[in-house]
Amino acid sequence: MSIRHSASPSDPEAQLLDHLRRLQGGGRKLVAVAGPPASGKSTFAALLCDTLTREGMQAQTVPMDGFHLDNRLLDARGLRARKGAPETFDMQGFVALVQRLKQGGDVVYPVFDRKGDLAVAGAGIVTSGCEFAIVEGNYLLFDEPHWAALAPLWDFSIWIETPLPVIQERCIARWRKYGYTPETARSRAEGNDLVNARRIIGAQLRADMTLAHDFAFGRSA
């Protein structure tokens with residue numbers, strides 16, 4: 001586990017909460033939770049949101065998955081098998097969303113229906129009273145053209161460190177959960193998820209805090 005802005009490195013949860021408390025005031029703050037596929041970003045973001053709410057702060061989670069391109073566009077571009085790669089997202093739309101979040105006010109955003117394998121427009125909203133928007137996704141700290149423009153927008157960023165064997169195991173389990181055979185699940189994980197994971201890790205921008213994938217944030221509360 002690697003931690004920056006270190007005041008109490010033996011207690012990263014307390015350190016993180018203390019830092020976010022000190023960010024309060026002066027408008028909405030954006031917290032990025034980034035990492036490779038199946039690193040536990042959604043779970044961590046939800047735990048962080050619940051913890052901030054218990055602490056009396058107004059927080060909401062915002063996943064970037066709603067900006068997946070529709071399968072019809074991916075088919076037309078020959079990218080269906082690479083769904084989840086950087087070029088299979090509406091990157092400009094997502095950057096615009098983050099910029100709007102930064103400005104405050106009510107912000108509506110799309111949500112990804114994983115079972116239906118499609119994005120649902122206008123399915124989520126960050127309300128005007130939200131102090132902390134916790135944005136989670138693979139490419140929030142990604143040092144490639146256009147995506148790198150996101151980094152200056154974060155008031156605090158967290159990277160979920162995850163070994164490739166763990167990513168592989170979790171991705172296979174995820175595909176099995178959606179009804180794929182063991183062979184197909186492994187093929188999808190190795191042929192796409194792990195390819196994306198290596199690309200994300202290889203182009204990772206510096207985060208304010210790095211936590212291990214099995215860090216039990218908020219579970220002792």
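R80 meets each of the listed conditions (1) closer than 16 Å to N196 by Cβ; (2) open to solvent by less than 40 Å² (accessible area, probe 1.4 Å); (3) out of contact with any strand residue (DSSP E or B) (no Cβ under 9 Å at 6 or more places or on another chain) apart from (2).
Filter the range 114-153 down to the residues that are of a type in the set (D, E) and in a loop (DSSP other than H, G, I, E, B) and list them by number. Residues satisfying the conditions are D117, E131, D143, E144. Within the range 36-70, track down each residue that is in a helix (DSSP H, G or I), of a type in the set (G, A, S) and open to solvent by 10 Å² or more (accessible area, probe 1.4 Å). Of everything in the range 36-70, those that are in a helix (DSSP H, G or I), of a type in the set (G, A, S) and open to solvent by 10 Å² or more (accessible area, probe 1.4 Å) turn out to be S42, A46.
Filtering V33, V111, V98 for residues that are at pLDDT 95 or above, in a strand (DSSP E or B), open to solvent by less than 30 Å² (accessible area, probe 1.4 Å) and β-branched (V, I, T) leaves a single hit, V33.
Going by the structure shown, is G84 over 18 Å from W154 (Cβ atoms), assigned to a loop (DSSP other than H, G, I, E, B) and free of Cβ contacts under 8 Å to residues at least 12 places away in the same chain? Show your work before the answer.
On the way: over 18 Å from W154 (Cβ atoms): yes; assigned to a loop (DSSP other than H, G, I, E, B): yes; free of Cβ contacts under 8 Å to residues at least 12 places away in the same chain: no.
No: the conditions fail for G84.
Among the residues of the range 71-89, those identified as over 18 Å from the mean Cα position of the chain (by Cα) and within 17 Å of Y139 (Cβ to Cβ) are L74, L79, R82. Of all residues in the range 104-162, those that are free of Cβ contacts under 8 Å to residues at least 60 places away in the same chain and among the aromatic types (F, W, Y) total 2.
The values are calculated or read from the model by the stated rules, or taken from the named source; none is laboratory data. Because the structure is predicted, anything quoted here is derived from the model rather than measured. Cβ sites come from the backbone with ideal geometry, for glycine too, and all protein chains shown count toward neighbours. Side chains are part of the model used for accessible areas, which takes the heavy atoms of the whole protein and leaves out ligands, DNA and RNA. Shrake-Rupley method; radii C 1.70, N 1.55, O 1.52, S 1.80 Å.
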